[in-house]
1. Keeping every protein chain present and rolling a 1.4 Å probe, give me the accessible area per residue for region 11-62 in Å².
2. Could you order THR193, THR79, THR6 by accessible surface area, starting with the largest, using a probe radius of 1.4 Å?
3. Let me check the size of region 110-165 from its C-alpha atoms; what are the radius of gyration and Dmax in Å?
4. Beyond 26 Å, what percent of the Cα pairs of the chain remain?
5. Springs between alpha-carbon atoms under 10 Å, Gaussian network over the chain: tell me which of ALA49, ALA141, ALA15 tops the mean-square fluctuations.
6. If I compute solvent accessible area with a 1.4 Å probe over the protein chains, what percent of it on the chain is carbon and sulfur?
7. Can you compute the FRET efficiency between GLU109 and HIS180 using 1/(1 + (r/R0)^6), with r the Cβ-Cβ distance and R0 = 45 Å? Round to the nearest 0.05.
8. How much length is gained on full extension from ARG196 to TRP171, taking 0.36 nm per residue of separation minus their Cα-Cα distance?
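The values are calculated or read from the model by the stated rules, or taken from the named source; none is laboratory data. Bear in mind the structure is a predicted one, so any value in this text is a computation, not a measurement. No Cβ is skipped: glycine too gets one built from the backbone with ideal geometry, and neighbour counts run over all protein chains shown. The protein model used for the area step is the full one, side chains on, heavy atoms only, and it has no ligands, DNA or RNA in it. Shrake-Rupley method; radii C 1.70, N 1.55, O 1.52, S 1.80 Å.
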Amino acid sequence: MRIRHTAFPWIRSKADREIQQIFLDQGKPRRFSKGACIIPAGEFYPHIAIVMSGMLSKSFEVRESSKDQAMSIILPGATLGDSFFMSCRASNLAVHALRESAIVELSHEFIEKKMGSDPAFFRKMMNHLMLDMESDLEGLATLIARSHEECLKVLMKILVVRDMVQPDGEWYQLPIYLSHSEMSRIIYTTPLTVNRFLLAWKKEGLYFRRGNHRFFNYRLFENIYDWKHGEVT
């Protein structure tokens with residue numbers, strides 16, 4: 001089960017379809033190459049944006065540590081810039097493009113005006129902003145309360161559930177590829193530790209890899225999160 005909130009740890013939920021459509025109709029598109037910095041740490045971001053393609057990281061540096069950055073990831077359908085909008089303050093978090101990515105931006109002023117004139121949209125935006133905040137809080141709670149191996153299982157399961165992946169018999173194919181380094185930064189450990197878990201699962205017949213495609217047996221996910229084999233929600 002989730003620990004404190006309904007939101008997924010580390011991975012943002014997709015915005016409501018109406019919210020996404022407003023961005024598409026009114027927003028300004030931008031594209032970023034892999035590795036580009038979208039929001040530097042310590043600088044104010046005057047927009048809310050929705051991710052259209054690619055994958056972004058929201059991270060902070062951990063100085064003098066082998067775990068040099070801890071991060072969450074933002075996938076297509078999710079928004080970024082929420083904390084800037086809600087607080088009107090700069091943040092120490094930075095957002096980078098982990099893949100070639102595309103976003104669509106709307107200014108704070110546009111969103112505020114739309115929320116002020118449309119109570120239903122106001123409620124949808126507030127619900128989504130709260131889910132994003134809860135995602136960060138749930139991520140911290142999960143890291144504190146679970147072992148690194150459990151955290152990795154949770155991460156894999158979230159990706160399956162978020163994209164409503166249907167099983168092929170007993171196996172689920174991960175919808176996106178994450179490197180050992182990326183996974184380790186999300187669950188705040190080292191790539192070597194991630195590799196050790198994957199090798200152990202492979203020996204147990206619970207995991208295999210084919211090229212850049214990772215496959216996980218449903219038994220790996222049992223009793224680790226609020227979702228059961230054959231019940232995609």
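1. Value returned for region 11-62: 54 Å² of accessible area per residue.
2. I get THR6, THR193, THR79, largest accessible area first.
3. 16.0, 47
4. 39
5. Fluctuation is largest for ALA141.
6. The C+S portion of the solvent-accessible surface of the chain is 51 percent.
7. Efficiency, from the Cβ-Cβ distance: 0.60.
8. 6.9 nm
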